[in-house]
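Quick note: the coordinates plus some simple rules give every number you see, no bench work behind them. Keep in mind that this is a model prediction, so the values were computed, not measured. A quick note on method: Cβ atoms are made from the backbone with ideal geometry, for glycine too, and the neighbour counts reach across all protein chains shown.
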Amino acid sequence: MDITLSRVNRIEGIIEVPADKSITHRAVILSSIAEGMSVVKNYLPSDDCLRTIEAFRLMGVDIKQDSGSLIIEGRGLSLNKPKRAIYAGNSGTTARLMSGILAGQNFESILTGDESLSKRPMERVIKPLTMMGAGFEAKDFHLPMTIIGALNLRGIHYKSAKSSAQVKSAVLFAGLYANGITSYSEPFKSRDHSEKMLRAFGADIEVAGNKVSISKAKKLNPQNITVAGDISSAAFFIAAALLVPDSCLTIKNVGINPTRDGFIECVKKMGADITFENVRDICGEPVADIIVRYSPLKAFNIDSKIVPRMIDEIPIYALLASRAEGTTKITGALELRVKESDRISAIASQFKKIGVEIEELEDGFIICGNSKREIQGGIVDSFSDHRIAMTLAVAALIAKDALSIKDASCVNISFPNFYEVLKTVCH
Ligand code: S3P
């Protein structure tokens, strides 16, 4: 499906964004390997999370979807051998987090993915999980991949060169099955939803700065979880309200975990008028209602230190940078080259098409901000990447002429009703 969007006069209203994708994956995974019934309220029923749900159903876990909640009958740490390959679709989180669980099973399994996921690197999980004693067969470290589970995994101390919540989670999940203590450390702290949730499910886990250690588990206890709204989805609406004159938008119930709030921190440094109201805690995750008003912006550079706290928001940050006063340099974001698309090349090529002055770097961009030079209309490509599609949709709201986005339905990966919600706030 292609979609055509046009300039709007203002963004106004009160909305809620869908539940957090990262937290939903983890809630499904840990509930499935706990002993007994867990309930996950306000889960995200997007394509990516459905892949994780299907994976556990295939391994004998009873998961019911009931009026906005998941009811999961966890069957303990040992799962049934799946009768066919586990299809992770477009979801890197499913593939990498599941690898950690499958590494500790008493069977061989096969993980497959769509065209995009089959190009993404799996060596990052294969390496530590092999050190722990699991076996892997994967041509050039890509899917399809066979995982030879081992009942006698051993704990390792893994120092990751990259900050990656997916690698961290795979190692910690395998650590539940491994003798002794398993630890993981990384240069800058990546999102910590796994650590928080593992503790809630009763795992013996310790966090010291950027290092996390976990002991072998006898069992996990089922939980009732309510998932907060996804800050990565909220970022597109925050950007829309910042860019369209006279806008004022309230986004309710957004997760503001400090390992995920780099985008808010940086846009505030750009001069954004953003306030938090009703700050509270939902299942150990900080949540707030976010109020955002149209704001003239100035350039603010980002580098490797902050990138892990806003990795998924860099495409939409780049759009804000193009409307800010001054030149923005974004570096330390090499990881964007191996996301759902090569996001550095996707952003640079599509932004050039709509009249943005942008230079592609190996690990980021240099963007010449110019709020006076209008965004041009035309036809742009999402490269079937949900976050590229949503970034271009926000660009359309301030474009001179209509902008058509190719393969716009890929928003289903993380935000199934994105265009409907957008329509309700466009005036
Ligand atoms: C995720 C971690 C991040 C992020 C992805 C979701 C997660 O990936 O980009 O969208 O849920 O753990 P990396 O861990 O590869 O940085």
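Here are the numbers:
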quantity: Estimated dipole of the chain in Debye, rounded to 20 [Cβ of Lys and Arg +1, of Asp and Glu -1, Cα centre]; calculated: 760
quantity: Likely footprinting exposure, Val287, Val28, fewest C-beta neighbours within 10 Å first; calculated: Val287, Val28
quantity: Relative contact order (percent, whole number), segment 21-226, Cα cutoff 8 Å, 6+ residue spacing; calculated: 22
quantity: Helix axis angle, 314-323 relative to the chain longest principal axis, alpha carbon, degrees; calculated: 10
quantity: Bins of 10 Å from zero: percent of alpha-carbon pairs in segment 1-91; calculated: 15, 40, 24, 12, 7, 1
quantity: Residues Val279, Val8 arranged by fewest to most Cβ contacts within 10 Å; calculated: Val279, Val8
quantity: Qualifying lysines (Cα of each under 25 Å from Cα of Lys268; at least 8 residues distant if same chain); calculated: Lys21, Lys189, Lys252, Lys298, Lys305, Lys329, Lys372
quantity: Chain lengthening between Arg199 and Phe141 when straightened (0.36 nm per residue, less Cα-Cα); calculated: 17.7 nm
quantity: Pairwise centroid distance, computed over Cα atoms, of segment 175-233 with segment 53-112, Å; calculated: 18
quantity: Largest-first principal axis extents of the Cα set of the chain (Å); calculated: 63, 42, 41
quantity: Inter-part distance where segment 236-265 and segment 301-359 are each reduced to a Cα centre, Å; calculated: 17
quantity: Alpha-carbon radius of gyration plus Dmax, which is the widest Cα pair, for segment 21-226 in Å; calculated: 15.3, 42
quantity: Mean residue ellipticity (222 nm) of the chain, computed from DSSP H runs ≥ 4 via -39,500 (n - 2.57), nearest 500; calculated: -8500 deg cm²/dmol
quantity: Förster radius 51 Å - calculated FRET efficiency between Glu16 and Ala161 (Cβ-Cβ, nearest 0.05); calculated: 0.85
quantity: Inter-label distance for Glu277 and Glu265, nm, one decimal - labels placed 7 Å from Cα along Cα-to-Cβ; calculated: 2.6
quantity: Magnitude of the charge dipole, segment 21-226, Cβ model with Lys/Arg +1 and Asp/Glu -1, debye to 20; calculated: 340
